[in-house]
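The values are calculated or read from the model by the stated rules, or taken from the named source; none is laboratory data. Small disclaimer: the values here were computed from a predicted structure and weren't measured. Quick reminder, even Gly has a Cβ in these numbers, built from the backbone with ideal geometry, and neighbours come from all protein chains shown. In case anyone asks, the SASA skips ligands and DNA or RNA and just uses the protein heavy atoms, side chains included. Shrake-Rupley method; radii C 1.70, N 1.55, O 1.52, S 1.80 Å.
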Amino acid sequence: MMKSAIGIDPSSTLPISVTKSCPMNCGHCGGHYIKHMVHIDDIEKYLDRYNSFLVSGGMFPSGEIPFKPYLEKLRQLKETHDLKYNFHIGFPKNPPYELEGIADVISFDFFGDKDVLKELYGIDRTPEEILDSILPLNVKKVPHVTIGVICGKITHEPKAIDILSEYFNSIVLNIFIPTTGTKYSDCQPPLLEEVEKIFDLASKKFEKITLGCMQPKGDYRKKLQEIVSNYANFIVKPFDKNYAFDGCCAFYQ
């Protein structure tokens, strides 16, 4: 079935980090993306321009992101400035109940194979253990799956979609981007025909599907969006700049 995907402009949500770096050196990221995030100490400088924030940070080898020292600050700013927060968490061993009442939505990465997560992060966590730390939370939760995250190859994605569809009616699908200076810098994005198969599978399992903000640039991105518009309800950063919503896509799931 053809769908008319809705465009989302994420630029009105500011990504902020609770750390200034990341101790991990993951193959797909290598600490690259955190360098472009605003540190939480400077959040007040942006309150006149933003009312929604993506809150994340560098992840410890345990899978934790150190949110706790800043939660009271975020709570107070939320109350005084009517802010919205999307917390993109790592892989905590236990449910981070402290985010309840502060987070408007929690985004989390999911892997349908513990060996894939182990290869990427060096963390031992089964799919069931990831869900055990997420499902009990009394907050809207949005799963993210990155297609081709292992050097552009399809590995755990079909299984991840099957598992997640038992608990969620929406999903964000990102696309692996080869990033300079990382272990996977010389890899290629996943083949578009393979990406289409994943979106086709997801369209049979979920009510809402979003092509997330992680997309390779250039001609690949244009062709990607043309293909997935047949399956996705939302496309972040649409090539034609036809926006209907502003902010993190997780707010609209």
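Please go through the range 156-177 and pick out each residue that is in contact with a Leu (Cβ under 8 Å, 6 or more places away or on another chain) and over 21 Å from Met214 (Cα atoms). Across the range 156-177, the qualifying residues are Ile163, Tyr167. Taking residues in the range 126-147 that are over 21 Å from Leu54 (Cα atoms), and partners anywhere that are among the hydrophobic types (A, V, I, L, M, F, W, C) and in a strand (DSSP E or B), the pairs with Cβ atoms closer than 7 Å and at least 6 places apart or on different chains are Ile147/Leu173; Ile147/Ile175.
When we screen Gly148, Gly122 for residues that are small (Gly, Ala, Ser) and open to solvent by less than 10 Å² (accessible area, probe 1.4 Å), the only hit is Gly148. Here Ser11 meets the list (1) surrounded by fewer than 16 Cβ atoms within 10 Å (Cβ to Cβ); (2) at pLDDT below 90; (3) among the hydroxyl-bearing types (Ser, Thr, Tyr) almost entirely, failing just condition (2).
Each row is one residue, and each column tells you yes or no for (1) assigned to a loop (DSSP other than H, G, I, E, B); (2) in contact with a Phe, Trp or Tyr (Cβ under 8 Å, 6 or more places away or on another chain); (3) within 30 Å of Leu83 (Cβ to Cβ); (4) open to solvent by less than 40 Å² (accessible area, probe 1.4 Å).
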| residue | (1), (2), (3), (4) |
| --- | --- |
| Pro158 | no, no, no, no |
| Phe168 | yes, yes, yes, yes |
| Val172 | no, no, yes, yes |
| Asp186 | yes, no, no, no |
| Phe199 | no, yes, no, yes |
| Phe206 | yes, yes, yes, yes |
| Thr210 | no, yes, yes, yes |
| Ala232 | yes, yes, yes, yes |
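Can you tell me which residue in the range 217-230 is nearest to Thr179 (Cα to Cα), limited to those that are within 18 Å of the chain's Cα centre (by Cα) and open to solvent by 40 Å² or more (accessible area, probe 1.4 Å)? Only one residue tops the list, namely Lys217. In the set (1) aromatic (Phe, Trp, Tyr); (2) open to solvent by less than 70 Å² (accessible area, probe 1.4 Å); (3) over 18 Å from the mean Cα position of the chain (by Cα), the condition left unmet by Phe239 is number (2).
Residue-wise test of (1) under 17 Å from Ile6 (Cβ atoms); (2) out of contact with any Cys (no Cβ under 9 Å at 6 or more places or on another chain).
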site: Thr179; (1), (2): no, no
site: Leu191; (1), (2): no, yes
site: Phe199; (1), (2): yes, yes
site: Ile209; (1), (2): yes, yes
site: Val236; (1), (2): yes, no
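Taking the listed residues Glu129, Glu100, Glu119, Glu72, the one that is at pLDDT below 95 and among the charged types (D, E, K, R) is Glu119, with no other qualifying.
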